[in-house]
There are 2 protein chains.
Amino acid sequence: MKMLFEYNWQVRNDWYRWCEDVPEEELLKVRTGGVGGILNTLFHIVDVEWSWIRAMQGKSDFQEKFEGYSSLSKVRALDAAFKEEVLAFVETWDPSLEDRLFKEQLEDGRDVVDSWGEIMRHVIAHEIHHVGQLSLWAREVGKKPVSANLIGRGLRG
Amino acid sequence: MKMLFEYNWQVRNDWYRWCEDVPEEELLKVRTGGVGGILNTLFHIVDVEWSWIRAMQGKSDFQEKFEGYSSLSKVRALDAAFKEEVLAFVETWDPSLEDRLFKEQLEDGRDVVDSWGEIMRHVIAHEIHHVGQLSLWAREVGKKPVSANLIGRGLRG
């Protein structure tokens, strides 16, 4: 579990560095699919990761919109602010937490139950999925995307 | 580990069903980024998953090209043929295998070592990343992409 979070954090940092050489108008440009843009995607990943970690612990959600964070430095600062809490949760993750249940009511009124193990993997897959979208938009910008390889990053313990 | 493979297999099957309603020329159309097309991506995912599972066990690689599998039914048949071996490996996966080492020589002559735990997660992330690309190409086709959600699929044990 920790290895995949660590992978995501490395890849995300690689994307922040990738963004440094790209004009801000390209980072903010509205694009088709996903959440509609490069920086918006990075903001969304940070938001969703933190919000789920908070939700499992019964803490309040993040309700702010991208409009308040629409620069690379602001997204990085938000990421850094959230990281401490996420890191603490992931580092103390224990297989005994796998089967804890999280209950919520959807907007349509249905009650749903997910295990913490499902939610942790949902968060992992969520980031990788959106980063796959970034890799195509990178080509629109005319710049080689960040490597998605997990091997070769020194992630084993 | 098994939950993320199971997630990938469900999502991949969802994409096969998604493809059923899409003209073959759209599935084969050359697109920018990734491996260059929708069906080519599904073939690549199947190829890479099986090849890594085989490689860890010291078995021969898959060397065939997409040109021999350029229809939805052929990719599905290849997937079905490979699935049995992949499923057996994943179902008997045990944490004691995490730290086994896999050594290979890259094309540039460098020797690299990866643990089986890294390789398994590399395979998982590889598929999710490429599926993220499919989700954008789906919009080019004008069709809503398959859901990437892991929660809500009944994946907990």
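Would you kindly work out, in nm and rounded to one decimal, the distances from the label point of A:Lys59 to those of the same position in each other copy, ordered shortest first, with label points 7 Å along Cα-to-Cβ?
Shortest to longest, the spacings are 4.5 nm.
What residue of chain B has the nearest C-beta to the axis that moves B onto A, and what is that distance in Å, given as a whole number?
Of all Cβ atoms in B, the one closest to the rotation axis yields B:Gly132, 1.
Can you give the accessible area of A:Ser147 in Å² (nearest 10), computed on protein heavy atoms with a 1.4 Å probe?
In the full protein context, A:Ser147 sits at about 60 Å².
So, with a 1.4 angstrom probe, what is the percent of accessible area on the protein assembly as shown that is carbon and sulfur? Before the final figure, lay out each step's value.
Working: 6970 of 15060 Å².
C and S atoms contribute 46 percent here.
When each copy gets a label point 7 Å from Cα toward the beta-carbon at B:Gly142, what are the spacings between them in nm, shortest first?
Label-point distances to the other copies, shortest first: 3.0 nm.
Return the average number of partner chain Cβ atoms within 10 angstrom of each residue Cβ along peptide A:93-103. Show your work: numbers first, answer last.
Values: counts 0, 0, 1, 0, 0, 3, 2, 0, 1, 1, 0.
The per-residue average across the peptide is 1.
Mind checking A:143-156 for the average number of partner chain beta-carbons within 10 Å of each residue's beta-carbon? Present the calculation step by step, with values, prior to reporting the outcome.
Details: counts 0, 0, 3, 0, 0, 9, 4, 11, 14, 5, 3, 1, 6, 11.
Counting other chains' Cβ atoms within 10 Å and averaging over A:143-156 gives 5.
Let me cross-check A:Met1: its accessible surface, 1.4 Å probe, with only protein heavy atoms counted, in Å² to the nearest 10?
40 Å²
Here is the link list: A:Lys83/B:Lys2; A:Lys83/B:Lys29; A:Lys29/B:Lys83; A:Lys143/B:Lys143; B:Lys2/B:Lys74. Which ones come out longer than 29 Å on Cα distance?
Values: A:Lys83/B:Lys2 27 Å; A:Lys83/B:Lys29 41 Å; A:Lys29/B:Lys83 41 Å; A:Lys143/B:Lys143 27 Å; B:Lys2/B:Lys74 26 Å.
Over 29 Å apart, Cα to Cα: A:Lys83/B:Lys29; A:Lys29/B:Lys83.
Any chance you could tell me what percent of the C-alpha pair distances in chain B go past 24 Å? Intermediate results must be reported in sequence, preceding the final value.
Details: 4469 of 12246 pairs.
For chain B, the fraction of Cα-Cα distances above 24 Å is 36 percent.
To the nearest 10 square angstrom, how much accessible area does B:Ser96 have with a 1.4 angstrom probe?
Answer for B:Ser96: close to 90 Å² accessible.
If you count, for every residue in B:30-41, the Cβ atoms of partner chains within 10 Å of its Cβ, what is the mean?
Working: counts 0, 2, 3, 8, 6, 0, 0, 0, 0, 0, 0, 1.
Counting Cβ atoms of other protein chains within 10 Å of each residue's Cβ and averaging gives 2.
Over chain A, what is the relative contact order in percent, taking alpha-carbon pairs closer than 8 angstrom and at least six residues apart?
Details: 133 pairs, mean separation 46.9, N = 157.
Relative CO of chain A lands at 30 percent.
Relative to the first principal axis of the alpha-carbon coordinates of chain A, what is the inclination of helix A:116-141, with its axis defined by its Cα atoms, in degrees from 0 to 90 and to the nearest 10?
It is inclined by approximately 10 degrees.
Sort shortest first the distances from B:Thr32 to its counterpart in every other copy, using label points 7 Å along the Cα-to-beta-carbon line, and give them in nm.
Counterpart label points of B:Thr32 in the remaining copies fall at 1.2 nm.
Identify which of B:His122, B:His130, B:His44 has the largest mean-square fluctuation in a Gaussian network model of chain B, with springs joining Cα atoms closer than 10 Å.
Sorting by GNM fluctuation, first place goes to B:His122.
What does the buried accessible surface come to for A and B, summed over both chains, with the probe at 1.4 Å? Round to 100 Å².
Details: alone 9020 and 9020 Å², together 15060 Å².
Between A and B, the summed buried area is about 3000 Å².
Nearest 500 deg cm²/dmol is fine: what mean residue ellipticity at 222 nm does the protein assembly as shown get from its DSSP H runs of n ≥ 4 alone, each adding -39,500 (n - 2.57), divided by its residue count?
-19000 deg cm²/dmol
Rank B:Asp108, B:Asp94, B:Asp79 by mean-square fluctuation in a GNM of chain B with C-alpha springs under 10 angstrom and give only the top-ranked residue.
B:Asp108
How high is the FRET efficiency from B:Ser96 to A:Asn13, r the C-beta distance, R0 35 Å, rounded to 0.05?
Working: r = 32 Å, r/R0 = 0.91.
Result of the calculation: an efficiency of 0.65.
Could I have the simple spin-label model distance between A:Leu106 and A:Lys144, label points 7 Å from Cα toward Cβ, reported in nm to one decimal?
If labels sit at A:Leu106 and A:Lys144, their model points lie 4.3 nm apart.
The values are calculated or read from the model by the stated rules, or taken from the named source; none is laboratory data. Because the structure is a prediction, the values reported are computed rather than measured. Because the Cβ atoms are built from the backbone with ideal geometry, glycine has one as well, and the counts that use them run over all protein chains shown. Remember, those area values only see protein heavy atoms, side chains included, never the ligands or the DNA or RNA. Shrake-Rupley method; radii C 1.70, N 1.55, O 1.52, S 1.80 Å.
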